[in-house]
1. Output the qualifying pairs, or none if there are none: Cβ atoms under 8 angstrom, residues six or more apart or on different chains, first residue in segment 1-26 and within 12 Å of residue 65 (Cβ to Cβ) and at pLDDT 55 or above, second residue open to solvent by 100 Å² or more (accessible area, probe 1.4 Å) and among the charged types (D, E, K, R).
2. Within segment 100-118, can one find any residue that is modelled with pLDDT of 80 or more and part of a helix (DSSP H, G or I)?
3. Starting from residues that are assigned to a loop (DSSP other than H, G, I, E, B) and open to solvent by 70 Å² or more (accessible area, probe 1.4 Å), keep the ones in segment 192-223 and report whichever is modelled with the lowest pLDDT.
4. Filter segment 176-191 down to the residues that are open to solvent by less than 10 Å² (accessible area, probe 1.4 Å) and at positive phi and list them by number.
5. Quick check on residue 199: is it of a type in the set (D, E, K, R) and touching a Phe, Trp or Tyr at 6+ places or on another chain (Cβ under 9 Å)?
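The values are calculated or read from the model by the stated rules, or taken from the named source; none is laboratory data. What you see is a predicted model; the values in this text were computed from it and never measured. Neighbour counts run over all protein chains shown; Cβ positions are idealised from the backbone, glycine included. Heavy atoms of the whole protein, side chains included, go into the accessibility calculation; ligands, DNA and RNA do not. Shrake-Rupley method; radii C 1.70, N 1.55, O 1.52, S 1.80 Å.
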Amino acid sequence: MPVPGRQWPVWLLALAWLLLLACLPWWLDLPLLLACALALLWRTGPLQGQARLLRRGLRWGLPGLLLAILRMSGADALAWLLTLLAALAGFSLLMLLENWLDRGRPRDPSPSAADEWPELALAPIGPTAAIIELQPPQWRPLEEGLADPLGGELCWHDDALQLADGSRINGVEPRGDFAADGRWLALPLAGQRGLLLLDRRHDRRHRLRGWQLAGWHEGQPWLSRDEEHTPLAIIHVLGRDEGD
């Protein structure tokens, strides 16, 4: 069973090393740190098994060297400038040394990055796409009459459709289909030339040549050129082909 706080002696030694170098003259600290660096670079040296300890000695010893420089320089403005320059040079050399020592070691991916990548890859970009399920048209014959959801009845007389208000529509086949709320009435044009859509709410007729009714979605007609093309909502079709 691990003993709590077992790593404290290591930190205490590192802190003691830092304070020791801070109290010693900088011209003694510098050879000590250079000796640690040379021991790390000597691959076959007797201290190669203490690489981790030597690295920690450099990391903690460099601040001690900087404190020694600052203390010996009098802590004036010039001393602070020299200490900052020494810190920049020292930490840069330390980073280069550690990168050189780790040059042949494969780097493990960061756990956090590995955990986040699938979430980023699967995250939706932009608005969430809606799945459109079209209700197929239910073509019903008009020869025997067809009840109008808005009231009245559609009748077929003399090769023409008579609406509940008495108006007649020519050039269509004797079959039709209503939207669920009755707003739209779809009638195929005679000779398979296209589709006639009646928007009874706005009293408009749209004669769309070359289009066919693919289905209904939320009370709106969706049209397509043929089975190989993706259906489009009526609002997109009218922006391209609007007739009558």
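1. Close Cβ pairs (under 8 Å, with a partner that is open to solvent by 100 Å² or more (accessible area, probe 1.4 Å) and among the charged types (D, E, K, R)) amount to 22/71.
2. no
3. Residue satisfying both the conditions and the ranking: 192.
4. 182
5. Criteria met by residue 199.
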